[in-house]
Each structure stands twice: as C-alpha cells, then as structure tokens.
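Read the structure below first, then the notes.
The values are calculated or read from the model by the stated rules, or taken from the named source; none is laboratory data. Worth saying up front: this structure is predicted, and the values here are computed from it rather than measured. All Cβ positions, glycine included, derive from the backbone under ideal geometry; neighbour counts span all protein chains shown.
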C-alpha cells in the first residue's frame, strides 16, 4: 500500500468510521479534513480523538480537494449528498 495517501472523511454518523480511520492511520496514511452533517452523537468523541483534523463546511470540499487520494465515509444519506454535489458541478 502507498503509505502517503491523504484521506478525507465524509460522515461520522456511526462508530465504525473510527475503526476504519484508525486502521488507515496505522498504515501511515494522513487525514486532515472531515465533513459531517449536523451534530451526530459521535462528533464530540471524534473531535477529541482527532484534534488536528479540521471540519469543513461543505461536502464538496472533501470530494474536490486535490490532495485527497481516498475518502472514507459513513453517512446515512450519502447518495442524496453526492447528488447535490453532482448537480452543482453540472450547472
């Protein structure tokens, strides 16, 4: 595995995102940014565990960020959110 992959995180609605992210970080990947909708129950714990990770305001920032090579996601409505991004790009 290329250990220099920068990861973006979309959605932290469920605790499995912690396991996925931890495993990738153990492999040497980095993660600077995350996006999540609203204030899920996991937000406080996520922010405490990863204090250097910045929350972005828009999902587009994760999807279009040039330096991000992989996206980990767990969002209940990911298809709805991705459709919104796609429609904006078509305009």
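Some notes on this structure:
- Contact annotation: no residue pair with Cβ atoms under 9 Å, 6 or more positions apart or on different chains, pairs a residue in region 5-20 that is within 12 Å of residue 32 (Cβ to Cβ) with a partner that is buried (at least 22 other Cβ atoms within 10 Å of the Cβ) and at pLDDT below 90.
- Region 25-49: number of residues that are in a helix (DSSP H, G or I) and buried (at least 18 other Cβ atoms within 10 Å of the Cβ): 1
- Failed item in (1) part of a helix (DSSP H, G or I); (2) at pLDDT below 85, with residue 60 passing the rest: (2)
- Number of the condition not met by residue 52 [criteria: (1) part of a loop (DSSP other than H, G, I, E, B); (2) modelled with pLDDT under 90]: (2)
- Just one of the listed residues (58, 52) is surrounded by 12 or more Cβ atoms within 10 Å (Cβ to Cβ) and farther than 12 Å from residue 9 by Cβ, and it is 58.
- Within region 6-19, the set of residues being crowded, with 16+ Cβ neighbours inside 10 Å and not in a strand (DSSP E or B) comprises 11, 12, 13, 17, 18.
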